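Everything below concerns the one structure shown next.
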Amino acid sequence: MSLTRRRWLEDAFGVPRDGGWIAARGREAWRAGDVAAAQAAASPAARRIRISSNENPLGPGAHVISAITGAFGDASRYPPNATRREGTLIAALAKTYGASDAHVTLGAGSGELLANAVRAFTSPSRPLVTAWPSFEAPKETALKIGTPVREVGFDAGLKIDLAKMAEAAKGAGLVFFCNPNNPTATVHGKTAVVDLVKAVRQASPDTVILLDEAYHDYVTDPAYETAVPLALSTPNVFVARTFSKAHGMAGLRAGYAIGDPRAIAALAAYKMPNGLGTLTLAAAEASLANTAHIAAERARNTEVRAFTVKAFADLGVSGTDSQSNFLFLNIKRPAAAFRDACRAAGVFVGRDFPPFEMQYCRVSIGTQDEMTRAVAVFRTVLGGATTTSRQQQGGR
Ligand SMILES: Cc1ncc(COP(=O)(O)O)c(C=O)c1O
């Protein structure tokens with residue numbers, strides 16, 4: 001691999017050039033007697049802190065790991081021949097939401113569903129509407145297939161401008177609304193979401209609306225509620241969810257879309273057959289069933305998020321009202337310089353998010369121990385810098 005590409009990977013995903021990472025912290029020795037795992041846990045690589053990709057630092061719970069090991073007998077089988085099939089997970093999801101199987105489809109991560117939604121509902125004459133910056137997959141797919149993109153900005157608190165979004169929807173194929181939004185971490189409450197959907201449907205009844213709730217489990221704002229019931233009762237509306245965040249399964253690749261059956265059927269037509277493996281299906285089903293584990297993960301994240309927000313405030317740095325497992329912080333200097341300095345000390349923070357990259361950086365929430373150590377690095381890095389007038393203007 002070329003040095004430039006390695007450097008790009010490192011910037012984009014926090015991938016170190018010289019070694020791996022530890023996941024499922026505290027359960028490194030779950031393979032009994034695995035000396036390599038125990039050594040890896042004690043290695044310098046394990047001391048690195050990756051808070052760049054909004055992952056759950058603990059990984060999946062013990063119940064999920066035991067579901068995966070229990071499903072190993074099916075590892076040689078194609079999913080339709082296994083005990084846990086895609087249909088089994090679809091039925092479990094439908095039951096969870098009081099819906100029917102026709103309301104649900106799966107993806108190898110919700111990223112697949114986002115990309116396929118752009119393929120299914122947009123065209124060169126039916127644009128994509130998205131906030132920008134937001135999660136990149138829809139815009140990247142649109143650019144690949146020649147779909148025009150209408151970008152929508154933010155209000156003063158970096159919440160998506162919903163009036164502008166509804167205005168831009170006229171004649172669009174798809175509105176992508178990420179709530180909470182990545183990278184700004186802000187969320188809109190239930191009333192605002194209902195009003196947005198109403199306004200889009202009035203202005204443009206044929207436009208499909210995709211509400212991305214990847215970070216749903218981390219929201220603590222009482223005004224917020226999931227849009228799943230709205231999607232189940234409104235034509236052309238569906239919600240995308242993932243097992244990659246609070247469920248801790250980003251490496252296993254599972255996500256789902258739920259909502260209007262006609263939109264779901266059109267989306268499912270683009271699905272990769274057997275895209276979810278037998279072990280992933282078993283893991284997702286076990287994770288879905290254990291709501292107490294997800295509640296505990298939300299409580300853990302809320303506590304460590306509050307600690308990190310306060311630590312940055314003590315350093316004179318504030319950010320948006322985070323309703324997620326990451327912070328979007330006005331560090332008053334280029335994210336690249338901050339990122340490089342943190343990386344030199346073993347702390348990997350988020351990539352650039354134009355047009356905010358000259359002032360803002362995204363920092364994911366790790367474990368309490370990781371954030372305590374990361375804050376010591378932030379204190380050193382931020383303590384020594386000054387802000388130029390160019391940086392204050394955001395460089396654009
Ligand atoms: C808002 C949002 N949606 C979707 C995804 C895709 O996640 P996955 O494909 O792992 O389900 C991400 C990943 O970070 C995200 O931030």
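The values are calculated or read from the model by the stated rules, or taken from the named source; none is laboratory data. These numbers were taken from a predicted model, which means no experiment stands behind them. Note that each Cβ is placed from the backbone with ideal geometry, even for glycine, and that neighbours are counted across all protein chains shown.
In region 329-378, how many residues are assigned to a helix (DSSP H, G or I), more than 15 Å from THR308 (Cβ to Cβ) and of a type in the set (Gly, Ala, Ser)?
Within region 329-378, residues that are assigned to a helix (DSSP H, G or I), more than 15 Å from THR308 (Cβ to Cβ) and of a type in the set (Gly, Ala, Ser) number 5.
Mind telling me which of the residues PHE238, PHE243 ends up being in contact with a strand residue (DSSP E or B) (Cβ under 6 Å, 6 or more places away or on another chain), in the same structural domain as LYS159 (by TED's automatic domain parsing) and of a type in the set (Phe, Trp, Tyr)? So that I can check it myself, show each step before the final result.
On the way: PHE243 fails: in contact with a strand residue (DSSP E or B) (Cβ under 6 Å, 6 or more places away or on another chain).
Only one candidate qualifies: PHE238.
Determine, yes or no, whether ASP217 is under 23 Å from the mean Cα position of the chain (by Cα), among the acidic types (Asp, Glu) and buried (at least 16 other Cβ atoms within 10 Å of the Cβ).
The answer is yes for ASP217.
Please tell me if LYS164 is without any contact (Cβ under 8 Å) to a residue 24 or more places away in the chain and more than 14 Å from the ligand (Cβ to nearest atom). Working first, answer last.
Details: without any contact (Cβ under 8 Å) to a residue 24 or more places away in the chain: yes; more than 14 Å from the ligand (Cβ to nearest atom): yes.
Answer is yes for this residue.
Residue check: is VAL104 within 16 Å of the ligand (Cβ to nearest atom), aliphatic (A, V, I, L, M) and at pLDDT 95 or above?
Taking the combined requirement at face value, the residue satisfies it.
From LYS310, LYS271, which residue is among the basic types (Lys, Arg) and within 30 Å of ASN236 (Cβ to Cβ)?
LYS271
Is it fair to say ASN181 is in the same structural domain as ALA250 (by TED's automatic domain parsing), without any contact (Cβ under 8 Å) to a residue 60 or more places away in the chain and within 12 Å of the ligand (Cβ to nearest atom)? Even if it seems obvious, please write down each step before you answer.
Working: in the same structural domain as ALA250 (by TED's automatic domain parsing): yes; without any contact (Cβ under 8 Å) to a residue 60 or more places away in the chain: yes; within 12 Å of the ligand (Cβ to nearest atom): yes.
Yes; evaluated as a whole, the condition is true for this residue.
Just the residues that are within 19 Å of LEU232 (Cβ to Cβ) and in contact with a strand residue (DSSP E or B) (Cβ under 8 Å, 6 or more places away or on another chain), please, taken from region 94-119.
Result: ALA94, TYR97, ALA99, HIS103, VAL104, THR105, LEU106, GLY107, SER110, LEU113, ALA117.
Could you list, in sequence order, the residues of region 119-151 that are within 17 Å of the chain's Cα centre (by Cα) and hydrophobic (A, V, I, L, M, F, W, C)?
ALA131, TRP132, PHE135, ALA137 - these are the residues of region 119-151 that are within 17 Å of the chain's Cα centre (by Cα) and hydrophobic (A, V, I, L, M, F, W, C).
Which pairs turn up if I take residues in region 364-378 that are in the same structural domain as ARG298 (by TED's automatic domain parsing) and look for partners that are modelled with pLDDT under 95 with beta carbon separation below 8 Å, at least 6 apart in sequence or on another chain?
As it stands, the answer is THR367/ARG25, since those pairs meet every condition given.
Count, please, the residues in region 126-174 that happen to be aliphatic (A, V, I, L, M) and assigned to a loop (DSSP other than H, G, I, E, B). Give the steps one after another, and end with the answer.
Filtering region 126-174 for residues aliphatic (A, V, I, L, M) gives 128-129, 131, 137, 142-143, 145, 149, 152, 156, 158, 160, 162-163, 165-166, 168-169, 172, 174.
Then keep just the ones that are assigned to a loop (DSSP other than H, G, I, E, B); that gives 156, 158, 169, 172.
Total meeting the criteria: 4.
So which of THR147, THR186, THR122, THR191 ends up being polar (S, T, N, Q) and within 16 Å of the ligand (Cβ to nearest atom)?
Details: THR147 fails: within 16 Å of the ligand (Cβ to nearest atom); THR122 fails: within 16 Å of the ligand (Cβ to nearest atom); THR191 fails: within 16 Å of the ligand (Cβ to nearest atom).
Of the residues listed, the single one that is polar (S, T, N, Q) and within 16 Å of the ligand (Cβ to nearest atom) is THR186.
ALA311: of a type in the set (A, V, I, L, M), in contact (Cβ under 8 Å) with a residue 40 or more places away in the chain and farther than 21 Å from ASP212 by Cβ, yes or no?
For ALA311, the condition - of a type in the set (A, V, I, L, M), in contact (Cβ under 8 Å) with a residue 40 or more places away in the chain and farther than 21 Å from ASP212 by Cβ - is met.
Tell me which of these ALA282 doesn't satisfy, since it passes every other one: (1) under 14 Å from ALA94 (Cα atoms); (2) of a type in the set (A, V, I, L, M); (3) crowded, with 23+ Cβ neighbours inside 10 Å.
All conditions pass for ALA282, except number (1).
Does VAL175 satisfy being surrounded by 21 or more Cβ atoms within 10 Å (Cβ to Cβ), β-branched (Val, Ile, Thr) and away from the ligand (no atom under 15 Å from the Cβ)?
no
Taking region 118-132, which residues are of a type in the set (Lys, Arg) and either surrounded by 24 or more Cβ atoms within 10 Å (Cβ to Cβ) or over 13 Å from ARG150 (Cβ atoms) (or both)?
Across region 118-132, the qualifying residue is only ARG119.
Just one of (1) among the acidic types (Asp, Glu); (2) part of a loop (DSSP other than H, G, I, E, B); (3) within 15 Å of the ligand (Cβ to nearest atom) trips up ASP206, so point out which.
(3) is the only condition that ASP206 fails.
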